[in-house]
Amino acid sequence: MATTYLNRTLTAGNRKTFTYSLWLKRSKLAANMSVFSAARGDVLFRFGTSDDLQFRDINNSTFNLSTNNVFRDVSAFYHFVIAVDTTQATASNRIKLYVNGTQQTSDFGTETYPSQNLDTDQNNNGDTMYVGARTDSGGSLVTSQILDGYISQFIFADGTAYDASTFGSTNANGVWVPNTSPSVTYGTNGFKLDFVGTGATANSSGFGADTSGNDNHFTSNSLGTNPSVKDTPHNVFATLQETNAYASPVIGQGGLEFDSNSSGGSALPSTMAVSSGKWYAEFKVTAGGTMAMGVSDIGSESFRTGSTGNNAINYVYGGQIMRNGSNVQTSLATFTTNDIIGIALNMDTTSGNVSFTKNGVAVGSAQDFTSKPNFAGFYVQTHTSGGSQKGQFNFGQPVFTIASGNADANGHGNFEYSVYTTINDPSAYFQTALYNGNNSTNVITNTGNSNLQPDWLWLKERSSTSSHHVFDTSRGVGGSGKAIFPDLNSAEGADTALTSVNTDGFTLASTNGFNQSGQTNVCWQWKANGGTTSSNSDGSITSSLQANTTAGFSIVTYTGTGSNATIGHGLGVTPDAVFIKRRDGGNDWILYHKGLTSATYYLSLNDDGVEASASNVFNSTAPTSSVFSVGSSAATNASGGTYIAYVFSSIQGYSKFDSYTGNGSTDGPFIYTGFKPAFVMVKRRNTANHWHMLDDQRDIDNPTQKHILADLNNAEASNTWMDFVSNGFKLRTTLVGVNSNTEKYVYYAFASNPFVSSAGAPTTAR
């Protein structure tokens, strides 16, 4: 449980007009958590038990804003701005709430604004303001609602209502980031809390020091060992991830403390996972000790099993190192309460390896993974029941006392944590466009951070029944355009409805299919090579392709031979997913996905069927870094048949194609991607069900629930729930199409923002 909070006594200030701005990273969900308050709860900003956001007068009910949107990301910082001006004539202008730069103007579950010219109880002379806590109407601290999380750059402006642009801006990668020196008139009670221990004047020191120059310092209460940490919006550190826990352990100390909660076999991974580099973390055992800690393949589900599982290496309390659940070294040093276990991960070797220390002394020898993980992350788990087992992780910002204080050259606490991606701005390669049909010439302009001239366009009418339409620049648009239909097995047909692709979007002609007047539509767009194709002879069949190796996407056309063959894809790395459609025949769409049982299996995009086995589809051969294989099936390689293939490889921080196992719970599995998704498509693998397509434009806030079915022409529906968070997505439904217990699912995901860019800019939570 969190115990740290700040408070100060207010003097008389402006009670009608003021602004709060703060950055906050949550570490505990599904609980009332007070962010700040004043006057015994007459002014209160908090998260509710449903993870909604509430700004309210809890005692007098003079105002109350509660969002339907939920805020369940524990991996990155949110930026909140509340601008109050009760002098405004329009009620909704008297309180404005901004999240990551965007004003929340609708979808409030409760929406009560103060009366015009109301004197709120903020800045009431003699009242107490709290940061991270609140009191009840009798003035007693509500200990159960003390904030568990991180606050950075908390600014209060007394007398002025500012919008979010004063405190933050969108950087070149499309990420909302802080203004380090915002221009603010602070007023009488105004302050700036940077939590650095030193203020702007000589008499200001301590954790609650006001750095604005106003000397409005706060008193600190129940400070832990390290109340001020390096985890900031500019420099995000790993924590333990509550949304991906096994067996409901308790998380505390800002997401760095693990408590098994007396349950056997509980487990927790870190929020960050890496594919390269050398990394180090420490884990201090504080109670019990019958546990293990190490590194797991975060891209798999090994840490959710309650045992060491697959593709994991850990150090076990009994004195052994285990790999994939089996002992590889025994009779080593045991550990117990107060021991500090060092975990070193090296992802720069061929296989990747992990080594351990106990209190600075090496334990055993480095162990290679059986297969190198795509994403490896630190984790802890308990092995037996028998009481609470506790410990604290140090990912570079320890909550336990350390003697050495070894900062790296960049000043990142004890360790350096930068996760690199080659694509800082995913909108340069993928975007979702929403538009209204007009049954006439319709120019659609993309609105992402970067202009996008698309090469693959997938269009669907949202508001009524209509087939999906797919176009690409390899087969041509405009007068030579041809459409194919993901929900049908029919051959491609001439279609001039897509007039052109533009440098920043596309243009439609009159059509009732996806440009009907009065109807709403969506278009998902991917960039290949700008429509420029080249001949590729890597395989036994010469292909024509346009490849985008940066984004891991190529469009391939070829003519079949009727016998086993290989086809070059131009990506230079092994593809994870391949879509194939025969253009000149009525054959099913055939999909390869690395998450299927083997390369003998495939899925059909145009139906809801299970994975099927056929050796003649892909010749039972997985793709390589240069080619994908086809057999003699008419759907993939009929003699003289013409084909189109859309080929994808996962790119760290931008795209991922993998699988997960459902649990049939509203507390569903968390799927680590290493980015905040912009688009996710899910298919149940072992039992018939539809292809579910979700994106962050039709649902800009969580829960993400508006879905389109790729295999049907149905209008959009709203009953598939998941959360898009800064490092992946979390299932929040029992719907069998996406989360049936023990069922396997494959998914295709593309990024809105990388979790941490190559420039070190973190994704903001939303």
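Bear in mind that the values in this text are calculations on the coordinates, not laboratory data. Quantities reported herein were computed from a predicted structural model and do not represent experimental measurements. Here Cβ is always computed from backbone atoms with ideal geometry, including for glycine, and neighbour counts include all displayed protein chains.
Residue 213: net charge of surrounding residues, Cβ under 15 Å, Lys/Arg +1, Asp/Glu -1, itself excluded?
Working: positive: 192; negative: 158, 194, 210, 215.
So the environment of residue 213 carries a net charge of -3.
Sum up the charges of everything whose Cβ sits under 10 Å from the Cβ of residue 712, counting Lys and Arg as +1 and Asp and Glu as -1, but leave residue 712 out. If you can, show how the numbers build up before the last one.
Numbers: positive: none; negative: 487, 607, 608, 711.
Charge balance near residue 712 sits at -4.
Return P(r) of the range 493-562 (all Cα-Cα pairs; 10 Å bins starting at 0; whole %; ordered from short to long distances).
Calculated P(r), rounded to whole percents: 16, 35, 30, 17, 3.
Add +1 for every Lys or Arg and -1 for every Asp or Glu among the other residues with Cβ under 13 Å from the Cβ of residue 609, and state the total. Spell out each step's value before the answer.
Details: positive: 683, 684, 685; negative: 588, 607, 608, 611, 711.
Residues near residue 609 contribute -2 overall.
Based on a Kirkwood Rh over C-alpha pairs, give the Stokes-Einstein translational diffusion coefficient of the range 135-259 at 25 °C and viscosity 0.890 mPa s in µm²/s. Mind showing how you got there, number by number?
Working: Rh = 17.0 Å.
My calculation gives 144 µm²/s for D.
According to the Cα gyration tensor, what semi-axes, each the square root of 5 times an eigenvalue, does the equivalent ellipsoid of the range 534-648 have, listed from largest to smallest in whole Å?
19, 16, 13
Tell me the volume per residue, in Å³, of the convex hull enclosing the alpha carbons of the range 5-221.
116
Find how much the distance from residue 119 to residue 510 grows on full extension, using 0.36 nm per residue of separation minus their present alpha carbon separation; answer in nm with one decimal. Could the numbers behind the result be given before it?
Values: separation 391, 0.36 × 391 = 140.76 nm, distance 5.61 nm.
Value of the extension gain: 135.1 nm.
What is the Cα centroid distance between the range 568-630 and the range 60-113, reported in whole angstrom?
47
If each of residue 32 and residue 170 carries a label point 7 Å out from its Cα toward its Cβ, how far apart are those two points in nm?
3.7
Over 25 Å between Cα atoms: which of 16/192; 192/278; 28/730 fall into that group?
On the way: 16/192 20 Å; 192/278 37 Å; 28/730 15 Å.
Beyond 25 Å between Cα atoms: 192/278.
Quick one: putting +1 on the C-beta of Lys and Arg, -1 on the C-beta of Asp and Glu, what dipole do you get for the range 242-394 around its Cα centre, in Debye to the nearest 20?
Numbers: 7 positive and 9 negative charges, 35 e Å.
It works out to roughly 160 debye.
Give me 556, 184, 74 sorted ascending by neighbouring Cβ count inside 10 Å, so fewest comes first.
Working: 556 28, 184 19, 74 24.
Listing 556, 184, 74 from fewest to most nearby Cβ atoms yields 184, 74, 556.
Measure out, as a whole number of angstrom, how far apart the alpha-carbon centroids of the range 218-289 and the range 173-191 sit.
What the calculation gives is 29 Å, centre to centre.
With N residues in the chain, what two-decimal value do you get for its Cα radius of gyration over 2.2 N^0.38 Å?
On the way: Rg = 27.5 Å, N = 766, 2.2 N^0.38 = 27.4 Å.
In units of the 2.2 N^0.38 Å rule of thumb, it is 1.00.
Identify, among 534, 549, 601, the residue whose Cα sits farthest towards the positive end of the charge dipole of the range 534-648, taking +1 on the Cβ of Lys and Arg and -1 on the Cβ of Asp and Glu, with the dipole about the Cα centre.
Result: 534, furthest along the dipole toward the positive end.
Bin by bin, in steps of 10 Å, what percent of the Cα pairs in the range 426-526 do you find, going until the bin that has the longest distance?
Each 10 Å bin holds this share of Cα pairs: 17, 53, 29, 1.
Is there a pair in 284/683; 25/460; 482/656; 594/676 whose C-alpha atoms are over 32 Å apart, and which pairs would that be?
On the way: 284/683 41 Å; 25/460 37 Å; 482/656 29 Å; 594/676 22 Å.
Listed pairs above 32 Å: 284/683; 25/460.
If neighbour count is taken as other Cβ atoms inside 10 Å, put 707, 690 in order from fewest to most.
690, 707
Given charges of +1 on the Cβ of Lys and Arg and -1 on the Cβ of Asp and Glu, with all other atoms neutral, how large is the dipole of the chain about its Cα centre, in debye to the nearest 20? Don't jump to the answer; show the numbers that get you there.
On the way: 42 positive and 55 negative charges, 107 e Å.
So the magnitude is around 520 debye.
If every alpha-carbon in the range 586-708 counts as one equal scatterer, what log10 I(q)/I(0) does Debye give at q = 0.15, 0.23 1/Å?
The Cα Debye sum returns log10 ratios of -0.82, -1.52.
For the range 431-454 and the range 637-693, what is the separation of their Cα centres, given in Å?
Each part's Cα centre sits 25 Å from the other's.
Classify the range 655-754 from the C-alpha gyration tensor, please: rounded if a/c falls under 1.5, else prolate or oblate depending on whether a/b exceeds b/c.
It is rounded, given that a/c, with a ≥ b ≥ c, falls under 1.5.
Any idea what the alpha-carbon Rg over 2.2 N^0.38 Å comes to for the range 242-394?
Details: Rg = 13.7 Å, N = 153, 2.2 N^0.38 = 14.9 Å.
Taking the Cα Rg and dividing by 2.2 N^0.38 Å, one obtains 0.92.
Arrange 97, 459, 53, 223 by Cβ neighbour counts within 10 Å, fewest through most, would you?
On the way: 97 19, 459 27, 53 23, 223 15.
Ordered from fewest to most neighbouring Cβ atoms within 10 Å, 97, 459, 53, 223 come out as 223, 97, 53, 459.
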